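Everything below concerns the one structure shown next.
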């Protein structure tokens, strides 16, 4: 299965995996890639985590198969935890077991069966021509978990997030050099990330991460049901009986919300062109046809207007 | 314009100034010496003895002096190609010594151009204080180390004979342990140890370390390197034959290879070749497509193992559980496991293992092999750790003061 090609020289050491909530990962806009072909690449978060691999979990919200232009199959999905969404994709490059699991999950999402998923995944990073940056995941291995294991994952993700928040705030008082951070007691595996993240992100607000952690702990303690958690985006509370229609509705709303936020982000004053909006929506994991349809709807219902043909702005 | 470079052109490589520049004659701490290059150190002689190196071509031997030098930062072995008359305890300033790394252990070499002189510093620690640093625990042993002092318990001891050059010779070897782990010890001369005295605690002085397949092996060359103690300096109720030292994964992944250790970490991968495997009948390597990389195609012997990756957020270690540990971890007999694999097929079987293990904490015990390709743990015991999420969440709130 691994083929006969063995790389000469020393094998790279396996990169360790971060337990991380979706908000921290999805807000990252910084990446780092070594110059060598086999050098690992990293997404660097606001809290300074240098992420090549993560252990993440959540409610599988969407999983769709897409045929790409070169004839290969790509599964695109969304997984929600109390802090936000992870976008992930499984392609022909994935292992046989990962693809088999993905296919069985597609069937479950089609009939609206709620799935709590845990995955070990590689970080991916994508930049549009306009400079907008999106992160996504490529799962290596995954499995369905029960509420108890989800709760355990949440506690671990919370603990590690709190630890990173502490490292981050400790680093603010320190000299922004390697020696300065060592002297401030920052652990070795956080130093490189904190040095570049501070430079890239400037001052950040960690308050939202505290809120995320509090909500995640509520779920872990059983005070709140994981599957009906209130979330920033339109809520997903659905009864198994009418899962399909309401699921479709909330998905529609989500496409619209995403389109609006893309335009908000990229508009430099002249609006954002049709192609850019759609490329960004696809990068976020949405179907191009659906995004196009919703863009029309948004124009028709007056949320968007077109100052020039094919250029979109938010009304008001 | 162009430069023409031909046979008569002289080309000199000018070294760029990227190396740390150390002023000549400026002494460096022993624990921060580079792994090669010329250095200056100030240190006290802790050990010194004449030795000989035999030329490989059989044309005779060279007299050398081996020993150990210490300052307050650490100790280092030395090899002098020139006569060295200074006694143990003498404080020396040594300029132009060359650092060479033998196996995993750096060593100072003194040659014709090395300048050695007696140094005066009343505040420099005496030999007794400095020699405390050469007392190592088994967890600190590195391949190639010399002049090692340690206090260990001998738990097994046997005499073996072998023939070299038509002559029967003897070697004594066995298992030793201290609270940080276990390893092997070999002696080239007989020690007054009988089976009924075991376990027996000894102080080892000036012994050397070799490693076989990552496991350190202490070599005792003379009986006078071993001093027998009445009682161990640790809790004497500790049964070191079964004791495992609990070590954090990060420490295991960055330290020396160790035996008799246990650790806990998150399972982040269950490899597709977990379960039943075929091992080469010659060398126990896992067969790929019915063939051994070394010994070619063979029927192989059936074995059971899991190949996992475990992780603590800072380091990742490859974990291999042996047959017994695998069966006990899965709670199955060999035939139950065979039935399960037959029913599910290999891919679904591995996926079922992920369903049980991925993202969960595992506790494993056994030995580690650490080399430049990373760390590997060979486990003879493994169990999933049960955790209570609600309790954990409450602890986190209290510990981090999040309401």
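The values are calculated or read from the model by the stated rules, or taken from the named source; none is laboratory data. It should be emphasised that the depicted structure is a prediction, and the values quoted were computed from it without experimental measurement. Here the Cβ positions follow ideal geometry from the backbone for every residue, glycine too, while neighbour counts run over all protein chains shown.
Which of (1) closer than 28 Å to residue B:371 by Cβ; (2) surrounded by 15 or more Cβ atoms within 10 Å (Cβ to Cβ); (3) out of contact with any helix residue (DSSP H, G or I) (no Cβ under 9 Å at 6 or more places or on another chain) is the odd one out, the single condition residue B:101 does not satisfy?
Residue B:101 satisfies all of (1) closer than 28 Å to residue B:371 by Cβ; (2) surrounded by 15 or more Cβ atoms within 10 Å (Cβ to Cβ); (3) out of contact with any helix residue (DSSP H, G or I) (no Cβ under 9 Å at 6 or more places or on another chain) except (2).
Quick check on this structure: which one of B:302, B:394, B:340 is surrounded by fewer than 17 Cβ atoms within 10 Å (Cβ to Cβ) and within 7 Å of another protein chain (Cβ to nearest Cβ)?
B:394
Can you tell me which residue is modelled with the lowest pLDDT among those in the stretch A:301-316 that are farther than 13 Å from residue A:267 by Cα and touching a strand residue (DSSP E or B) at 6+ places or on another chain (Cβ under 8 Å)?
Going through the qualifying residues, I end up with A:310.
Looking at the stretch B:350-368 only, could you name the residues that are more than 7 Å from every other protein chain (Cβ to nearest Cβ) and without any contact (Cβ under 8 Å) to a residue 60 or more places away in the chain?
Selection gives B:352, B:356.
Test each condition in (1) touching a helix residue (DSSP H, G or I) at 6+ places or on another chain (Cβ under 7 Å); (2) within 14 Å of chain A (Cβ to nearest Cβ); (3) under 23 Å from residue A:153 (Cβ atoms) for residue B:330 and report the one that comes out false.
(2)
List the residue pairs whose Cβ atoms are under 9 Å apart, where the first residue sits in the stretch B:379-390 and is free of Cβ contacts under 8 Å to residues at least 40 places away in the same chain, the second is assigned to a strand (DSSP E or B), and the two are 6 or more positions apart or on different chains.
Once the first residue is free of Cβ contacts under 8 Å to residues at least 40 places away in the same chain and sits in the stretch B:379-390, its partners that are assigned to a strand (DSSP E or B) give B:386/B:361; B:387/B:361.
Can you work out which of the residues in the stretch B:369-391 that are surrounded by 21 or more Cβ atoms within 10 Å (Cβ to Cβ) and within 9 Å of chain A (Cβ to nearest Cβ) is nearest to residue A:165 (Cα to Cα)?
B:389
Take residue B:321 and decide whether it is surrounded by 20 or more Cβ atoms within 10 Å (Cβ to Cβ) and either facing chain A (nearest Cβ under 10 Å) or at pLDDT 90 or above (or both).
Yes; evaluated as a whole, the condition is true for this residue.
Restricting the search to the stretch A:138-158, which residues are touching a residue at least 24 places away in the same chain (Cβ under 8 Å), farther than 23 Å from residue A:122 by Cβ, surrounded by fewer than 24 Cβ atoms within 10 Å (Cβ to Cβ) and in contact with a helix residue (DSSP H, G or I) (Cβ under 9 Å, 6 or more places away or on another chain)?
Across the stretch A:138-158, the qualifying residue is only A:147.
Output the number of the condition that residue B:205 fails; it satisfies all remaining conditions of (1) in the same structural domain as residue B:316 (by TED's automatic domain parsing); (2) in contact with a strand residue (DSSP E or B) (Cβ under 6 Å, 6 or more places away or on another chain); (3) modelled with pLDDT under 90.
All conditions are met except number (1).
Need the failing condition index for residue A:74 against (1) under 30 Å from residue B:398 (Cα atoms); (2) without any contact (Cβ under 8 Å) to a residue 60 or more places away in the chain; (3) out of contact with any helix residue (DSSP H, G or I) (no Cβ under 9 Å at 6 or more places or on another chain), just the number.
Residue A:74 satisfies all of (1) under 30 Å from residue B:398 (Cα atoms); (2) without any contact (Cβ under 8 Å) to a residue 60 or more places away in the chain; (3) out of contact with any helix residue (DSSP H, G or I) (no Cβ under 9 Å at 6 or more places or on another chain) except (1).
Enumerate the strands (runs of 3 or more DSSP E) found wholly within the stretch B:263-338, keeping only those where 3 or more residues are in contact with a strand residue (DSSP E or B) (Cβ under 6 Å, 6 or more places away or on another chain) and farther than 17 Å from residue B:349 by Cα.
Filter on the stretch B:263-338 gives B:301-311, B:316-321.
Being surrounded by fewer than 17 Cβ atoms within 10 Å (Cβ to Cβ) and closer than 26 Å to residue B:252 by Cβ, is that true of even one residue in the stretch B:49-67?
no
What's the number of the only condition in (1) over 27 Å from the mean Cα position of the chain (by Cα); (2) within 14 Å of chain A (Cβ to nearest Cβ); (3) in contact (Cβ under 8 Å) with a residue 12 or more places away in the chain that residue B:292 fails to meet?
With (1) over 27 Å from the mean Cα position of the chain (by Cα); (2) within 14 Å of chain A (Cβ to nearest Cβ); (3) in contact (Cβ under 8 Å) with a residue 12 or more places away in the chain applied to residue B:292, the lone miss is (2).
Among the strands (runs of 3 or more DSSP E) lying completely within the stretch A:31-142, list those that include at least 3 residues that are more than 16 Å from the chain's Cα centre (by Cα) and away from chain B (no Cβ under 14 Å).
Output list reads A:53-67.
Looking only at the stretch A:159-181, count how many residues are more than 14 Å from every other protein chain (Cβ to nearest Cβ) and exposed (fewer than 14 other Cβ atoms within 10 Å of the Cβ).
Counting residues in the stretch A:159-181 that are more than 14 Å from every other protein chain (Cβ to nearest Cβ) and exposed (fewer than 14 other Cβ atoms within 10 Å of the Cβ) gives 6.
Considering only the stretch A:266-316, state which residues are exposed (fewer than 12 other Cβ atoms within 10 Å of the Cβ) and closer than 28 Å to residue A:75 by Cα.
Passing the criteria: A:275, A:289, A:296.
Please find, among B:160, B:203, B:146, B:169, the residue that is in contact (Cβ under 8 Å) with a residue 40 or more places away in the chain and either closer than 15 Å to residue B:241 by Cβ or assigned to a strand (DSSP E or B) (or both).
The match here is B:203.
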